[in-house]
Every structure is written in structure tokens, then in C-alpha cells.
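Report on one structure; see the data block that follows.
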Amino acid sequence: MFLRSIFTSSPFPVYSKPIITLFLTNRRRFPHLFSPYATVKPQMDAGDASEDTLRGILAEKQASVDLQADIVRKLKAEAAAPVDIEAAIESLKALKMEVSAVAKHLQAIVSSSAGVSGDREAFRQVVVNTLERRLFYIPSFKIYRGVAGLYDYGPPGCAIKSNVLAFWRQHFVLEENMLEVDCPCVTPEVVLKASGHVEKFTDLMVKDEKTGSCYRADHLLKDFCKEKLEKDSTLSSVKVAELKHVLAVLDDLSAEELGAKLKEYDITAPDTKSPLSDPYPFNLMFQTSIGPSGLSPGYMRPETAQGIFVNFKDLYYYNGNRLPFAAAQIGQAFRNEISPRQGLLRVREFTLAEIEHFVDPEDKSHPKFVDVADIEFLMFPRELQMTGESAKPMVIGEAVRKGTVNNETLGYFIGRVYLFLTRLGIDKERLRFRQHLPNEMAHYAADCWDAEIECSYGWIECVGIADRSAYDLRAHTDKSGVPLVAHEKYPEPREVEKLVITPSKKELGLAFKGNQKMVVEALEALNHAEALEIKAALESKGEVEFEVCTLGKSVIIKKNMVSISIEKKKEHQRVFTPSVIEPSFGIGRIIYCLFEHSFYTRPSKSEDEQLNVFRFPPLVAPIKCTVFPLIKSQQFDEVAKVIARSLRSAGISHIIDITGTSIGKRYARTDEIGVPFAITVDSTSSVTIRERDSKEQIRVRIDEVASVVKEVTDGQSTWADIMWRFPTHSASHVDE
């Protein structure tokens, strides 16, 4: 009777006598699975279950499956009654279904948190197919099978890129009275040695030991960890925590640590499954030589910023020796990526638009900060990242006031970048500003934020906004011997105390050899309080432990390695190295995210197919309007040509389509490349103007068409404003 009550309250059916022994054995081995509470415990609400909880439930249910499978095998081995075997098999099937349901739920949660899903991949494929078919962009050198990481922009892609850059100039260069420069792409080696690119602009690479194919080591480890977390539902909570930790510290791993992880997880070459070499640094710059002798080495620039820094002295003079001021540059940059992927997001040649805003390090206020102070958007400060929370809406003025953002000038540019991106058409709900974690920041940086845009690949860094302190100008001053400094004249001479830090490069070189430069830089970057503290320790103990962030460890500095003194002197002016606030825009990345954010489909009038549409704002649309005669007619064709001439005179990009194709198909064709307005010629005195997304139409006199379209495309009025002023038109003849 006791056994009967156990069986009837458990998930298993009543079996014949031979199986009872097996049941009791398993009950002793796994008592928690056979508890009466386990049989009546209600299922947790799927929405309340965390990833860790689901993994625990899955492990228990899988153990139940294994036990039930043992029971089935035992029944068959003992030739039990068919009814018992059938009942046991049915129970096994039911348990497997439960395991499958939990596994699917777990997969959904993991995929959601990782920002990936099958739907996203399918969506991306539709977008990319449309972009390539309509020639927004295509792989370069396509007839020769292309080259990874190189793309050509076609006519609509070129137009969008041109419009984005024109708005960038208007929004930043003109609005802020910036000084625009245009510097060469080929850069002498000495410049990039001073900036640190020759020594440090590297990624760790591994090679397929059989084929020689190259892979970026951290990408292989990242892909392995993500795939295990997303697809292996049997992982223990300990293993899950381990893999998540690896992803969190991935950027900090040395070549040795990265190689050890690749070996520990038995990661092989993706294509051949062959063993991989140990990771080693690969410099991402394209090297060249300047002149035929080959004696003057150079590189294709990896960024445009260095051209601005080396011209600081002349730009400062051009600006009347006044701070603050900003210089800007748009141009091509080159990075010899080890394994380019993700389309336009990771390429070997790309367009950067960069701003270097030079400011007094003692006064980083901004006179126009009040203009953006009340803007609220998603921000992801390091505190939220480190506690595992999500980005939250914050007002930029509050973020600066509380110290979350280091200073007003940095906050001002963050606000301006937000306005720029959202006016282009980036969805504000899929845009966030993420603060760099301490391990991501250079030792000299005061604060750094990335504007990240969510697309089908996840959150993508598209703009970096960094307070780089005075590092760049100091580095070029030291290397060139030309002081890149600013001056502030005093009304009256002042007696000032000057902190003088003089590292002994000879002694530091003997002690630290190849690491000497990093130790020197760290010493020279000491602030007043830190320098005095080290000075006191050296005087009392003769040596001091000193942390060098770029080395990732502490070193022992002895008294003969550095001189720190305070000197009093009268000064008529203050000479200082300006700090730099740098917003850097990856134009290709912004454009790709804009493509995804603007794309949608809608059914045709007959509802037998889905039509592709890009909802580009008029500001960036590749073509502002189309002109369609409703029917094939010489009269209508002439009117269309008159309208086209007026649009051309007004500087409005347009296309004229006088083919006999149905008007609905012509609308669909231009909707697919994002044309916001379509002008349909259906009389000789007036025409209709159709708006792409609402498909609403108004009737306008022929002589007013160009001015109406220009008013909307220039942003002087919205379509809603125009709708108030002109009669709407019901297009019963339109076949959409």
C-alpha cells in the first residue's frame, strides 16, 4: 500500500514488481527528484524564470529523463509485461517533452540577452539582399570574387553617404564654427610612432597550422563562449559563470592567457578544425614606403585625428591664439583587419568624421551646454554595467551635475551626437551611450563614452566621445621638439608654484628596458597630489611602489629614477598643453544601422506579396522625389519635364519615370530605395504629391511643386504642416 501511494503521487505510472527495486535504488540516489513536493510543485511562470533558475530546472528534468530511461531499459531486459513497457515509454516521452519545453524557454532567454535570434538573421538577410540588389552597396571587385572587408557604394548609397556628411558638416562644423582640414592618407612612420600606433595598434592573431589561414584570437574565443551559452542548455551554473567571466575580461587577456583559454576549450580553426598557433600581435596598419628609395617608411592612416594634432600650432594661430576651438576632418582611414565580417560594420577602408575640440584643462565648461542640458536619452554608465543592470534614461544635465559624465564639454558633445543621430533617422529606443569601463580606458583619458546603436548584430559602437586629456599634443611635442601649447596672459605677473617631474630616462631604461616609455608616460601624467605623495615616499624610504596602468602591474621606482620638485617663479603668462575632447564618427557603421532602422515591409494592394520600404527621412533620402505621368501621354510627359526642370533649378534630386508601367509598380519601385515623395502628373494644371509612408496625397499647382518639395526636404516644414495647407487627394486610380 505504501509503494502504491508513492507511485500514484509521482510522475511515474504503477509498474510490475521487478521494477520496484530499481525505483527504490534511484530514489535513494536522487531523493530531491522523488520528493512528494516535487510532484505537486506548480510550474514557475516563464516570465519570472531567470537563466540560472531555468538551467537548474533543466538539469533536474534531464536527470529524471535519465532515470526513466534506466527504467525502460530494465523493463525490456526483464521482458516485463508489454503494458508496463508501453507505460514507461509514454512517461519517458512526456519527460522529454518537458525537457524540450524548458530548453526552448532557456534558449529564448539566452538569445534575447545576447541580442541574437533567428528572426534577426532573417531580417538582416532581407535587408542586405535589398541593399545589394538596389545597388546601395556591393562587394568590391565582385567579378574577381571580391576581397573581404572592401565594399563599393552604388548610386543610392553614395547619395545617402553624401547627405549624411553634408548634415554632419551643418550640425557640427557650421554650428560650432569649427576649422575643417583635409590631411593626407599616407602618414610618415615618425608621426604614428609618436602617437603609439606603431607599437600598440595591434590585435592578437592565430594561424591555422595546416593552411596558414589567419583568425583574430579573441573573436574565436568570444564566438565559442557565446555559442556555448546560447546553444548548450546542459551547462552547469558554474560553467555558465565561467564563460560569462571570460567574455567580461576578454579585452584584458594577454597573448599567453588567450592562448591558454583556446587550448583549454580545445578551440580549432573554424574551417578545417586544424590546430591553431599561439596568439601573437599583428599590427593593423597598412605599411608602405614614401618615395622610390624605400628609406622613408609610412602607413595608411588608421584614423584622421593625427593630422589635426600635428597642425595644432598653426590652427591655434589661425584662431587668434584663442581657446577653446575645434578642428574637424572627414576622410578615409585604413585598418588591415585580420578577419573582416559583419558587412559594413568591420571593413578595411572606411570613412571617419572626427572632431578635436581643444580646451583649457582647468576649465572644461561649455557656453552652449544649457542648449542640451534637458535632453533625456538612454545612458549606460559603468556602475550599471558592473552590477549587471540595463541602460536607463538619464538627463544629460543631471549626469554632468552628478559627475557621471566628467565635464560640461564632454556632456555637450554627447547631447549633440544624440541629436545628430536621431535626426538622421536612428531609432532613439535603440540608441544608448555606454561609458567605458576602467579596463577599457587609457591611463591618460579622463572619461570616454560610446554611442552604441542596436541592429541585427547587437549593440554596435558607432561614435566614440572621449576626453583624451593632453596626451596627444604632449606625445607629438616630445617626439618633434615643437611645443604644441597654448597661452593665457595674466593682467599682472603672478608668483606660482610649478610642479616639475623629470624622469631619468637612462636609469628607467636600465631598470625597465622595453617598458621604459610606459613608465615615463605614467610618471609624467601624475597630478599634483600624486606627485607630492611619491616625492615624500622617495625622500623617506628611497623607493616607492608605483602602478603603471598600461603595464597592468606595479613597479618599484627608486630615488635616482625621477626628480620631483616644486619651483616658485613669477610668470606673465600661463603656458599649458590643452586637453582634447574627441567625438569620432564611423560613417559606414552609422549608415548601415540607418539602413536597418529604416527598413520595413508592407503588403501590396492585392496582399499577395510583401513590398520593401526604406523610411529614410527627407534629410538623408538618396532621391527626394520622383515624377510620374499617370498614363503614357505626350501632354503629361511635357508637364513632367517642366516639373523636372523646376526641381533641378531648386537643387532637388529627383528621377522622372515616363515608362508605361502601372503607377502602383512605379511607387513600389521608388519606395524600395526610400524616395519620400512621388509627384503624379494626372492633369496639365495641377499634380498630386504622395508621401511614402502614410501614402497620403495632396493636390498642388504645377508652379508650386518645387517650392513645396524643397520646404519639406530642407526641414522647414513637416508633411503634417503641408497637409494643412493643401487639399488632400483621394487617388482611386492608383494601383498600389
Q | Boolean, Thr550 is touching a helix residue (DSSP H, G or I) at 6+ places or on another chain (Cβ under 6 Å) and either modelled with pLDDT of 85 or more or under 30 Å from Phe123 (Cα atoms) (or both) | A | no
Q: Taking Ile557 as meeting all but one of (1) open to solvent by less than 30 Å² (accessible area, probe 1.4 Å); (2) assigned to a helix (DSSP H, G or I), write down the number of the exception.
A: (2)
Q | Filtered residues of region 525-541 (kept if surrounded by fewer than 16 Cβ atoms within 10 Å (Cβ to Cβ) and either at pLDDT 90 or above or in a helix (DSSP H, G or I) (or both)) | A | His528, Ala529, Glu530, Leu532, Glu533, Ala536, Glu539, Ser540, Lys541
**Q.** Output for region 542-554, where each listed residue is of a type in the set (A, V, I, L, M, F, W, C) and in a strand (DSSP E or B)
**A.** Val544, Phe546, Val548
(Q) Of the residues Arg574, Arg666, Arg648, only one is of a type outside the set (Asp, Glu) and free of Cβ contacts under 8 Å to residues at least 24 places away in the same chain; which? (A) Arg648
Q) What pairs can you find where one residue is in region 494-509 and among the basic types (Lys, Arg), the other is open to solvent by less than 40 Å² (accessible area, probe 1.4 Å), and their Cβ atoms are less than 7 Å apart, with a gap of 6+ or different chains? A) Arg494/Glu571; Lys505/Val520
Q. Listed residues Arg301, Arg335, Arg341, Arg322; which is touching a Ser or Thr at 6+ places or on another chain (Cβ under 7 Å) and either touching a residue at least 24 places away in the same chain (Cβ under 8 Å) or charged (D, E, K, R) (or both)?
A. Arg301
**Q.** Test set (1) among the charged types (D, E, K, R); (2) more than 28 Å from Leu352 (Cα to Cα); (3) modelled with pLDDT of 95 or more - Asp278 fails condition number
**A.** (3)
Q.
Of the conditions (1) touching a helix residue (DSSP H, G or I) at 6+ places or on another chain (Cβ under 8 Å); (2) open to solvent by 40 Å² or more (accessible area, probe 1.4 Å), Met394 satisfies every one except a single condition; which number is it?
A. (1)
Q | Candidates Leu410, Leu424 - the one that is hydrophobic (A, V, I, L, M, F, W, C), closer than 15 Å to Ile453 by Cα and modelled with pLDDT of 95 or more | A | Leu424
Q. Does Lys568 satisfy the criteria of being open to solvent by 60 Å² or more (accessible area, probe 1.4 Å), out of contact with any His (no Cβ under 7 Å at 6 or more places or on another chain) and either within 30 Å of Tyr444 (Cα to Cα) or among the polar types (S, T, N, Q) (or both)?
A. yes
Q: Confirm whether Pro676 is open to solvent by 10 Å² or more (accessible area, probe 1.4 Å), in contact (Cβ under 8 Å) with a residue 12 or more places away in the chain and either under 22 Å from Ser730 (Cα atoms) or touching a Phe, Trp or Tyr at 6+ places or on another chain (Cβ under 9 Å) (or both).
A: no
**Q.** Criterion (open to solvent by 80 Å² or more (accessible area, probe 1.4 Å), within 27 Å of the chain's Cα centre (by Cα) and either among the aliphatic types (A, V, I, L, M) or over 30 Å from Asp478 (Cα atoms) (or both)) met by exactly one of Glu257, Glu230, Glu199
**A.** Glu257
Q) Can you name the residue in region 269-303 that is under 20 Å from Asp203 (Cα atoms) and hydroxyl-bearing (Ser, Thr, Tyr) and, of all such residues, is most open to solvent (accessible area, probe 1.4 Å)? A) Tyr280
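The values are calculated or read from the model by the stated rules, or taken from the named source; none is laboratory data. Given the structure is predicted, the values throughout are model-derived calculations rather than measurements. In this analysis, Cβ positions are derived from the backbone assuming ideal geometry, glycine residues included, and neighbour counts consider all displayed protein chains. Ligands, DNA and RNA are excluded from the accessible area calculation, which covers all protein heavy atoms including side chains. Shrake-Rupley method; radii C 1.70, N 1.55, O 1.52, S 1.80 Å.
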